[in-house]
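First up is the structure itself, then whatever we jot down about it.
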Amino acid sequence: MTTGLPFDDFRNLLRGLARAEEGPADAVRARLDELAPAGSLGALGEIAGWLARASQRMPPVVSRPQLALFAGTHGLARHDVSARAPSWTAAMVEHCAAGGAAINQACLADDVALKVFDLALDLPTGDISRDAAFDERGCAATMAFGMEAASAETSLLVLGDFSVGGAVAAACVLAALQGGSGRDWVPLLVQAGEARAEPARAVIDAALAHHAGHLRDPLEALRRLGGREIAAIAGAIVSARVQNIPVILDGLAAVAAAAVLHALNAEAVTHCRLAASAPDGLLAGVVGRLAIEPVLAAGNLPGGGIAGTLAVGTVRTAALCLSGLRPMPVPA
């Protein structure tokens with residue numbers, strides 16, 4: 001029987017979140033009005049304002065950015081929803097640990113610390129087309145584990161994932177929270193190279209039907225339809241919000257985690273930005289409802305944290321432009 005008790009600490013924490021003070025963002029706008037009038041910094045000025053509000057610092061700084069990648073395995077992968085074998089996730093964790101993945105090089109180039117979290121890869125979540133992903137205690141414990149990714153020494157946190165079948169689970173969570181069916185979500189997954197069309201559609205529709213009547217509660221939707229990476233990212237987002245750490249979300253799992261928290265309290269994700277703008281369509285609508293703006297324009301950006309790492313460079317530039325502004329000498 002569902003008790004809800006394992007989630008009580010998170011419900012109370014989310015319920016108690018206060019609106020972030022606007023003073024730092026107001027100070028950014030005042031400084032820009034004085035030293036960079038007429039919007040001459042464009043999007044960089046707006047990003048600087050977000051950074052100040054999210055961090056509650058003026059001027060904001062980006063001195064110790066970190067990318068946290070969460071790796072999970074899914075029981076739904078048995079339905080051949082991906083071109084990758086289920087063993088790919090563990091192999092990718094080892095590849096990152098050896099420093100040979102593209103994300104290792106991207107983090108080196110942009111001076112971003114990288115942490116990869118192995119979320120019980122030898123224990124896939126349940127097959128959501130016929131069972132819950134995991135129980136409440138396991139979901140709450142994974143959220144608590146994810147909170148550890150947001151340390152007080154981090155000035156900017158990028159959250160992403162890699163998994164086989166994780167995008168399908170994320171689509172299920174988003175469909176439960178904001179509507180849609182397999183037919184709606186599969187084109188996005190296929191376009192991004194995250195899923196095979198027909199198996200993914202069948203899993204999404206079967207999961208939504210099997211769990212129908214139990215999805216009104218966002219945390220219940222998460223534990224029934226999600227994955228460990230989504231739960232861990234949700235925990236990291238909450239922890240970062242409490243500590244005033246700005247967050248960049250990279251990938252569908254991160255968006256699903258943010259959607260779960262937003263459904264409980266919109267203030268839980270006001271410190272978040274999307275790494276890159278969502279393509280037109282259903283995902284763009286989801287992101288719009290979450291009121292999460294992108295750092296980068298949409299493009300053919302790879303997943304697995306690379307877009308988020310590239311976004312760090314833009315946010316760092318915005319912070320440096322703001323802190324380095326000086327009055328322009330008046331021409332003779």
Those residues of the stretch 1-45 which are assigned to a helix (DSSP H, G or I), surrounded by 17 or more Cβ atoms within 10 Å (Cβ to Cβ) and in contact (Cβ under 8 Å) with a residue 60 or more places away in the chain amount to Pro6, Phe7, Phe10, Leu13, Leu14, Val28, Arg31, Leu32, Leu44, Gly45
Failed condition for Thr89, given (1) of a type in the set (Ser, Thr, Tyr); (2) open to solvent by less than 10 Å² (accessible area, probe 1.4 Å); (3) modelled with pLDDT under 95, with all others met? (3)
Which residue out of Ala232, Ala152 is at pLDDT 95 or above and either under 29 Å from Arg53 (Cβ atoms) or assigned to a helix (DSSP H, G or I) (or both)? Ala232
Which is within 25 Å of Pro246 (Cα to Cα), modelled with pLDDT under 95 and in a loop (DSSP other than H, G, I, E, B), of Ser82, Ser63? Ser63
What pairs can you find where one residue is in the stretch 118-142 and under 16 Å from Asp217 (Cβ atoms) and open to solvent by 20 Å² or more (accessible area, probe 1.4 Å), the other is polar (S, T, N, Q) and not in a helix (DSSP H, G or I), and their Cβ atoms are less than 8 Å apart, with a gap of 6+ or different chains? Phe134/Thr125
Of all residues in the stretch 269-283, count the ones that are part of a loop (DSSP other than H, G, I, E, B) and within 16 Å of Val247 (Cβ to Cβ). 2
All but one of (1) among the small types (Gly, Ala, Ser); (2) under 24 Å from Leu222 (Cα atoms); (3) open to solvent by less than 10 Å² (accessible area, probe 1.4 Å) hold for Ala318; state the number of the condition that does not hold. (2)
Looking for whichever is charged (D, E, K, R), open to solvent by 60 Å² or more (accessible area, probe 1.4 Å), more than 29 Å from Leu13 (Cβ to Cβ) and out of contact with any helix residue (DSSP H, G or I) (no Cβ under 6 Å at 6 or more places or on another chain) here; the options are Glu148, Glu153, Glu94. Which one fits? Glu94
How many residues, within the stretch 255-294, are within 11 Å of the chain's Cα centre (by Cα) and either open to solvent by 30 Å² or more (accessible area, probe 1.4 Å) or among the charged types (D, E, K, R) (or both)? 1
Suppose we filter the stretch 85-110 for residues that are within 22 Å of the chain's Cα centre (by Cα), under 16 Å from Thr309 (Cα atoms) and not aliphatic (A, V, I, L, M); how many remain? 5
Only one of these is in contact (Cβ under 8 Å) with a residue 12 or more places away in the chain and surrounded by fewer than 24 Cβ atoms within 10 Å (Cβ to Cβ): Ala297, Ala234, Ala197. Name it. Ala297
Taking the stretch 255-279, which residues are more than 20 Å from Leu69 (Cβ to Cβ), of a type outside the set (A, V, I, L, M) and in contact with a Lys or Arg (Cβ under 9 Å, 6 or more places away or on another chain)? His262, Asn265, Glu267, Thr270
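The values are calculated or read from the model by the stated rules, or taken from the named source; none is laboratory data. Treat the numbers as computed from the prediction; the structure is a model and nothing was measured. Heads up, the Cβs are rebuilt from the backbone with ideal geometry, glycines too, and the neighbour counts pull from every protein chain shown. These accessible areas exclude ligands, DNA and RNA; they are computed on the full protein's heavy atoms, side chains included. Shrake-Rupley method; radii C 1.70, N 1.55, O 1.52, S 1.80 Å.
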